[in-house]
Amino acid sequence: MNDGITHQQDVVHGSTQQTDALQGCGEAVQRYENLLVGHSERQQTLKQNDHWFGVVRLVLFLSFITMTAMAMLWGDVPAASWLAWGSLLGFLVAVTVNEPLRDEMEELRKKVSVIKRLIARLNRDWDSLASKRTDRVIAEMELSPLSRAVASDLDLLGRASLFQLISMAFTQPGIRTLARWLCGPAEADEAKERSEAVKALAPMREERLRFYTLARQVSESSGSPDRFVKWAEGDFWLAHRMWLSHWAKLSTWFSVIAIVGVLGVMAGFLPAAVARFAFMGIGGLIVINLALTTLMLGPAHAVFSIAMSNRRAVNDYQEIFKAAQLLGAASRSDGLLSRLRTLMLESELSAANGMIDLQKIAKAGGLRQSAGTFLIYLPLQCLTLWDIRVLTRLEQWQAKYGKQVGSWFESLGEFEALMSIAALQDDNPHWCEPRWTETSQSSEVSGTGIGHPLLTDHDRVCNDVCVGPPGSVLLVTGSNMSGKSTMMRSVGLNIALAGIGAPVCAEFFTLPSVELATSVRVSDDVSQGVSFYMAELKRLKSVVDHARDMASENGRICLFLLDEILQGTNSRERQIAVVQVLKHLMNFGAIGAISTHDLELADEPDLMAVANVVHFRETIRPDAEGNEQMTFDYLMRKGVSPTTNALRLLQMVGLGEELTCDAEPKL
């Protein structure tokens, strides 16, 4: 008979696993800190070299100014002119040589920032991991109300969350993909495929560090690709205004003929009257084209701002798609990495090829964006409608690659998510690979040494847990603060880890394809007139409805986690209501766990008939001064909790003394 604990002993000690965990985590932190020291030393050297280059540039520039002034004021000092030109040449050489050094400094700055983030993950330094941009991207994602609730209950997203622990994603597609995976179902086939990819990427430490750095650079320079994807997959603006394209060609031919005519007059081959007509025609052409630019080409310029906001952004995306080369031999076999490499790098319509072609167009379109090339752009636009020629090439690119662009960025998001999970795999070698079972063979989620992944290795206490099979429920009893909620979240978080293809925080973990439904953090809503009890009922209704919907699906089971449910009513009605809710869930084949510190609930006959009961407890001992001290070992034991601690806690905070009745109470 399944008693909710896989080992037969009452108390499971996780000291061996904790020692291994501390050693594994320590090795990863030390490795990153060694890298950080090396990069910081290199940064310091580069800063010193940059300082000296700055001094040299200043001296050479001042020398150029001084020698130029001397040459202009005293013409009889010919050496001054030579020294001025020599100083200018030296200044240009110094600037040219200094530029790669500054590029390396910027590269190292980003790499150091990435390494600090890797360390912060291992140290659970949540403040350092916080990102307003990431929070905004996640907040804008479309998730079902139940998925949002599960994410909040289990700390899948947000501050101090599983997402923050895992994520090394910087681009918007990467952030969205990882968040979507965490909030999605744990499907065996998908998880196994992701896990194989993660295992191939985990040993590639240097390649992953280069990728993280490049992704950070892309996120800073290019922003969201959503508008770009929408444009690429959308309609053609110029195709409905072909007369503009025809006029641009006529303008070009007319300008060439007019210029040839002027040159012919200057060479004496043509009469002077030709030049007058040519100048008049060019003047009229300039007026017409400027009017068209002002009145008609606003939407075309909007397309430019979307398709090639700047050449740097296009170049950065080109580089990050080419980063699929980092996969190397890891992607040669069939599987997820191979498909991603094909989409990003190897097919005729790959992202890398598309971005190379777009970069060529961006060079032409970028003439109007730079002050240095605007003087070239202006006559080209006035005489040939240059923007129309660029837009023609853009729409040709759109016709060729447009339908593929969405899949490019989806692939990038998956690649970045896998790279993030690979760091978790590499940094936690003591975590285990989950074992997946067929739902028809086993509908249990069980594991030994299961720990809460968001706690540090030093603080984590591990337990052996089994949830299921259908027709049973794991009833977790215990006093306040004893560890009930932490244990339930540990189960949910490790299921989420398994679902994304990550290792799990356990010695052994087995599960079928499952989907989570939870009721842990529930609050009232005064603005909507929803009481706490009604809010609980609505959440439970969503859990039951989800179990009902999944009952008709083959190959996946609903796993519910209900923490201290229906607290908003009296004890007797609560017992009846809890049993009723559990009957609904078990009728739909769901498995799960509920927690309570209400010992009367554990005495409910209908509940005890299907419950595997476990408990957490506290220990109270006097300290050296005789004051009672309450401690918790957070170890799960069989049976109903023999203790409660609400009144003890009341006394310990100074609220347990009896009130005297000498005076009327004052309100």
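Readers should treat all values here as calculations from the given coordinates under stated rules, not as data from a laboratory. Computed from a predicted structure; not experimentally measured. Ideal geometry is used to build each Cβ from the backbone, glycine not excepted, and the neighbour counts take in all protein chains shown.
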Quiz item: For helix 242-267, what angle does its Cα long axis make with the longest principal axis of the chain, in degrees from 0 to 90 and rounded to 10?
Solution: 30 degrees
Quiz item: Label point 7 Å out from A139 along Cα-to-Cβ: which residues of the stretch 160-197 have amide N under 11 Å?
Solution: none
Quiz item: For semi-axes √(5λ) of the Cα gyration tensor in Å, the listed values are (1) 44, 34, 20; (2) 40, 35, 28; (3) 65, 32, 24; which was obtained by calculation from the structure presented?
Solution: (3)
Practice problem: Would you kindly state how much longer the chain becomes between L290 and S552 on full extension, computed as 0.36 nm times their sequence separation minus their alpha carbon distance, in nm to one decimal? | Solution: 87.8 nm
Quiz item: Helix 484-499: angle to the longest alpha-carbon principal axis of the chain, degrees 0 to 90, nearest 10?
Solution: 40 degrees
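Please state the relative contact order of the stretch 82-169 as a whole percent: Cα pairs under 8 Å, 6+ residues apart? If you can, show how the numbers build up before the last one.
Working: 30 pairs, mean separation 23.0, N = 88.
Value for the stretch 82-169: 26 percent.
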Quiz item: What ³J(HN,Hα) values, in whole Hz, does the Karplus curve 6.51 cos²θ - 1.76 cosθ + 1.60 give for the stretch 611-618 when θ = phi - 60°, with x put for Gly and Pro?
Solution: 9, 9, 9, 9, 8, 10, 9, 10
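Once you keep just the Cα pairs under 8 angstrom separated by 6 or more residues, what percentage relative contact order results for the stretch 435-652? Numbers along the way, then the final one.
Working: 417 pairs, mean separation 60.0, N = 218.
Reported relative contact order: 28 percent.
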Quiz item: Quick one: which of 26-37, 397-408, 606-617, 266-277 comes out on top by average Cβ neighbours within 10 Å, and what's the full order, highest first?
Solution: 606-617, 397-408, 26-37, 266-277
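When a/c reaches 1.5 or more, the comparison of a/b and b/c decides; with that in mind, is the stretch 578-633 rounded, prolate or oblate per its Cα gyration tensor?
Values: a/c = 4.53, a/b = 3.24, b/c = 1.40.
Here the stretch 578-633 falls in the prolate category.
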Exercise. Using per-residue counts of other Cβ atoms within 10 Å, averaged over each peptide, order 380-392, 575-587 from highest down.
Key: 380-392, 575-587
Exercise. Take peptides 208-218, 136-146 and line them up by average Cβ neighbours within 10 Å, highest first, as a rough protection proxy.
Key: 208-218, 136-146
Self-check item: Cα-projected label distance for L92 with V260, points at 7 Å along beta-carbon direction, nm
Solution: 3.7 nm
Quiz item: How far is helix 188-201 tilted, in degrees, relative to the longest principal axis of the Cα atoms in the chain, given as a value from 0 to 90 rounded to the nearest 10?
Solution: 60 degrees
Exercise. Quick one: what are the phi-derived ³J(HN,Hα) couplings along the stretch 402-417, Karplus 6.51/-1.76/1.60 with θ = phi - 60°, whole Hz, x for glycine and proline?
Key: x, 5, 9, 4, x, 5, 4, 6, 5, 5, 4, x, 5, 4, 5, 5
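Rounded to the nearest 0.05, what FRET efficiency do S152 and A130 have when you use their Cβ-Cβ distance and R0 = 22 Å?
Numbers: r = 17 Å, r/R0 = 0.77.
Rounded to the nearest 0.05, the efficiency is 0.85.
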Exercise. With θ set to phi - 60°, apply the Karplus curve 6.51 cos²θ - 1.76 cosθ + 1.60 along the stretch 357-367 and write out the HN-Hα couplings as whole Hz, x wherever there is a Gly or Pro.
Key: 5, 5, 4, 5, 5, 5, 4, 6, x, x, 4
Quiz item: At a Förster radius of 60 Å, what calculated FRET efficiency corresponds to the Cβ-Cβ distance of R572 and E99, to the nearest 0.05?
Solution: 0.15
Quiz item: According to a simple spin-label model (label point 7 Å from Cα along Cα-to-Cβ), what is the distance in nm between F277 and A160?
Solution: 8.4 nm
Quiz item: Can you list the residues, at least 5 places off or on another chain, whose amide H is less than 5 Å from the amide H of F508, using H built in the peptide plane?
Solution: T448
Quiz item: If you average the sequence gap of Cα pairs under 8 Å that are 6 or more apart and divide by the length of the chain, what percent do you get for the contact order?
Solution: 18 percent
Quiz item: At what distance in nm do the modelled label points of W74 and R31 sit from each other, each positioned 7 Å from its Cα along Cα→Cβ?
Solution: 6.7 nm
